[in-house]
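Visitor: Please see the structure below; I have some questions.
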Amino acid sequence: MAATSVVVLDRGNNTTCTINLHGATVVSWRVNNQEQLFVSKQAQFDGKKAIRGGIPFVFPQFGPWPYGPQHGFARIVRWNIEKAPERLPSGDVEAIFSLMDSDFTRSMWSYDFRLTYRLILREKELHFNIAIYNPSKDLTFSFNMLLHTYFKVPDVRRCQITGLHGCTFVDKTRDGAIYHEARDVVTIGEWTDRIYQNTPHEHIITNVVSGRKMRIQKYNFPDTVVWNPWMDHAKDMSDFGDDEYPNMVCVEAGHVSSPVILLPGTAFEASQILQVM
Ligand SMILES: O=P(O)(O)OC[C@H]1O[C@@H](O)[C@H](O)[C@@H](O)[C@@H]1O
């Protein structure tokens with residue numbers, strides 16, 4: 001892809017965030033030169049499919065979709081730069097991306113919409129503010145949305161995820177059966193694909209890169225999806241190495257168990273903060 005397809009937020013001190021306009025996918029977040037996100041060595045950047053890793057933006061559908069591609073169209077279309085990276089008085093760096101309906105999106109989903117995605121890079125944090133506006137005078141639409149974050153980890157088997165105790169979850173590895181999470185912390189040792197529902201605002205993942213912890217804070221994202229394809233399902237993906245599954249965990253803030261219903265002339269906002277602890 002052309003160099004202009006990538007936008008870099010540079011806070012200094014080797015702390016950067018790189019966004020590929022294809023899907024407004026965050027493809028790198030470095031804190032003091034340490035990469036925090038996993039991107040597969042086999043990820044494709046040809047602008048044809050979603051980028052395998054980083055933070056793909058899932059909208060307006062989560063999962064298979066009869067009218068379009070899995071996880072919707074937002075991750076496979078080119079977004080606009082609404083505001084190029086700019087340093088704030090605090091020293092933090094902000095950029096804003098946007099997406100609106102086009103012939104392509106209306107061929108799958110016949111609604112007008114305005115989506116803005118504001119990113120702020122702080123010293124050890126990355127902030128995500130999302131707003132979706134329904135400009136119609138009379139049509140209501142509904143959608144799902146999710147930030148499909150791939151965290152880089154040295155060994156997923158050593159990670160613990162907090163904040164899921166007591167939550168119900170849909171287990172996609174067991175035909176969508178519903179269970180109750182009894183564990184204080186969730187660990188991963190097999191193919192995992194779960195939609196935890198009504199989760200709290202905060203999760204912590206232990207043993208991410210450099211043995212540190214990652215804090216996830218989320219607002220207006222009632223669900224948390226936890227995914228790792230493990231060995232067998234890694235093989236099913238052409239853009240994911242067979243041996244890469246130990247080095248990633250997806251912990252995804254989403255609004256996916258129930259749709260967001262957006263009345264004409266109204267907006268929906270959601271946000272996430274990632275923090276290296
Ligand atoms: O291969 P995709 O379309 O990027 O999806 C990856 C995974 O994304 C997860 O969020 C889903 O829960 C999984 O079911 C899915 O396999």
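Visitor: Can you check what the net charge comes to around residue 101, using other residues whose Cβ is under 13 Å from the Cβ of residue 101 (Lys, Arg +1; Asp, Glu -1)?
Guide: 0
Visitor: Explain nothing, just the number: dipole magnitude of segment 131-277 about its Cα centre with +1 on each Lys and Arg Cβ and -1 on each Asp and Glu Cβ, in debye rounded to the nearest 20.
Guide: Dipole about the Cα centre, nearest 20: 500 debye.
Visitor: Report the relative contact order of segment 1-105, percent, no decimals, based on alpha-carbon pairs under 8 angstrom and at least 6 residues apart.
Guide: 22
Visitor: Follow-up. For the chain, calculate the relative contact order in percent as a whole number, restricting contacts to Cα pairs under 8 Å that are 6 or more residues apart.
Guide: For the chain, the relative contact order is 19 percent.
Visitor: Additional query: Let me check I've understood the local charge: for residue 245, count other residues with C-beta under 15 angstrom from its C-beta, Lys and Arg +1, Asp and Glu -1. What total comes out?
Guide: Spelling it out: positives minus negatives among the neighbours equals -3.
Visitor: If you take the square roots of the eigenvalues of the alpha-carbon gyration tensor of the chain and sort them as a ≥ b ≥ c, do you get rounded (a/c under 1.5), prolate (a/b over b/c) or oblate?
Guide: The shape class here is rounded.
Visitor: Okay, next question. Please list, ordered by chain and number, the residues whose modelled amide H lies under 5 Å from the amide H of residue 188; skip anything fewer than 5 residues away on the same chain.
Guide: Residues meeting the amide H criterion: 159.
Visitor: Another question, then. Among residues other than residue 206 whose Cβ falls under 11 Å from its Cβ, what is the net charge (Lys/Arg +1, Asp/Glu -1)?
Guide: In short, +4.
Visitor: Given the rule -39500 (n - 2.57) for each run of at least 4 DSSP H residues, summed and divided by the residues of the chain, what is its mean residue ellipticity at 222 nm, to the nearest 500 deg cm²/dmol?
Guide: -500 deg cm²/dmol
Visitor: Follow-up. Can you sort 245, 179 from fewest to most other Cβ atoms within 10 Å of each residue's own Cβ?
Guide: Fewest-to-most ranking of 245, 179: 179, 245.
Visitor: Now for a separate question. Residue-wise, which Karplus ³J(HN,Hα) couplings in Hz belong to segment 15-27, taking 6.51 cos²θ - 1.76 cosθ + 1.60, θ = phi - 60°, and x for glycine or proline?
Guide: Karplus-based 3J(HN,Hα) across segment 15-27 equals 10, 9, 9, 10, 10, 8, 5, 5, x, 6, 7, 6, 9 Hz.
Visitor: Charges at C-beta only: +1 for Lys and Arg, -1 for Asp and Glu. How large is the resulting dipole of segment 74-146 about its Cα centre, in Debye rounded to 20?
Guide: Magnitude of the dipole: close to 100 debye.
Visitor: Can I ask one more? At a Cα cut-off below 18 Å, give the lysines reachable from residue 41, other chains included and same-chain residues fewer than 8 away excluded.
Guide: 49, 152, 235
Visitor: Can you give the charge dipole size of the chain about its Cα centre, rounded to the nearest 20 debye, using +1 on the beta carbon of Lys and Arg and -1 on the beta carbon of Asp and Glu?
Guide: Dipole magnitude for the chain comes out near 400 debye.
Visitor: Pick out, from 113, 67, 178, the residue whose Cα sits farthest towards the positive end of the charge dipole of segment 55-182, with +1 on the Cβ of Lys and Arg and -1 on the Cβ of Asp and Glu.
Guide: Going by the charge dipole, the pick is 178.
Visitor: Still on this model: Per residue of segment 175-186, what does 6.51 cos²θ - 1.76 cosθ + 1.60 with θ = phi - 60° give for ³J(HN,Hα)? Whole Hz please, x for Gly and Pro, Karplus curve as stated.
Guide: In residue order, the calculated couplings are 6, x, 5, 9, 10, 10, 7, 9, 7, 5, 10, 9 Hz.
Visitor: Applying the Karplus parametrisation 6.51 cos²θ - 1.76 cosθ + 1.60 with θ = phi - 60° to the phi angles of segment 238-243, what ³J(HN,Hα) value in whole Hz is obtained for each residue in order, glycine and proline being reported as x?
Guide: 6, 9, 8, x, 4, 9
Read-outs throughout are calculated quantities, based only on the coordinates presented, and are distinct from any laboratory measurement. The structure presented is a predicted model; accordingly, all values stated were derived computationally and were not measured. A quick note on method: Cβ atoms are made from the backbone with ideal geometry, for glycine too, and the neighbour counts reach across all protein chains shown.
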